[in-house]
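I have placed the structure first, in the form of structure tokens, so that the comments after it can refer back to it.
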Amino acid sequence: MGHMTSGIRFSPRLIVPDPDRASAFYQDALGAEQVFCAPAGEDGRPTMIDHRIGDSSFQLSPAVSEWGWHSPGDLGGSAVLLEIEVEDPDGVGERMTAHGAEVVVPIENRPYGKRSGRVRDPFGHLWIVTGELR
């Protein structure tokens with residue numbers, strides 16, 4: 001197997017109960033920019049909302065159980081940790097909780113040389129919020 005290089009882009013799609021509400025949260029709490037929104041189609045195709053944060057992107061879609069698209073609430077929790085590295089982890093954590101998220105592990109200086117913690121957003125997704133020590 002050779003190395004995979006250019007031309008590859010990885011972007012997660014978060015399954016949420018309400019993509020519009022989730023989009024507003026990620027814009028307000030994380031500074032995400034909504035770059036595209038595909039409304040639900042008459043053929044049953046679900047909404048897809050594309051976002052950028054810095055050099056990264058992610059999409060949102062609603063749960064569609066018959067397709068196996070389940071939100072964390074459908075599964076009893078998140079099977080994925082999303083890590084976001086920011087200049088001000090404390091400020092980002094505070095903005096997230098001000099908009100309805102909850103701290104799971106406090107954002108503190110860690111022995112591995114980062115300031116980080118875990119936050120559960122209002123849709124059940126778990127975020128590692130991390131940055132430089134302070």
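Values in this text are rule-based calculations from the coordinates and carry no lab data. Note that the structure is a prediction, hence the values are computed from the model and not measured. Note: ideal-geometry Cβ built from the backbone for every residue, glycine included; neighbour counts use all protein chains shown.
Couple of notes before you dig in:
Residue-by-condition table, conditions (1) over 15 Å from TYR26 (Cβ atoms); (2) over 16 Å from the mean Cα position of the chain (by Cα):
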position	(1), (2)
ALA38	yes, yes
GLU42	yes, yes
ARG45	yes, yes
MET48	no, no
ASP55	yes, no
TRP67	yes, yes
SER71	no, no
ASP74	yes, yes
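- Residues located in region 76-134, provided they are surrounded by fewer than 18 Cβ atoms within 10 Å (Cβ to Cβ), polar (S, T, N, Q) and either touching a helix residue (DSSP H, G or I) at 6+ places or on another chain (Cβ under 9 Å) or free of Cβ contacts under 8 Å to residues at least 24 places away in the same chain (or both): THR97
- All strands (runs of 3 or more DSSP E) inside region 5-104 with 1 or more residues being of a type in the set (Ser, Thr, Tyr): 56-62
- Residue within region 105-116 that is of a type outside the set (A, V, I, L, M) and either assigned to a helix (DSSP H, G or I) or within 24 Å of ARG13 (Cα to Cα) (or both) present: yes
- Members of region 40-72 that are among the small types (Gly, Ala, Ser) and either under 30 Å from ASN109 (Cα atoms) or touching a residue at least 60 places away in the same chain (Cβ under 8 Å) (or both): GLY54, SER56, SER57
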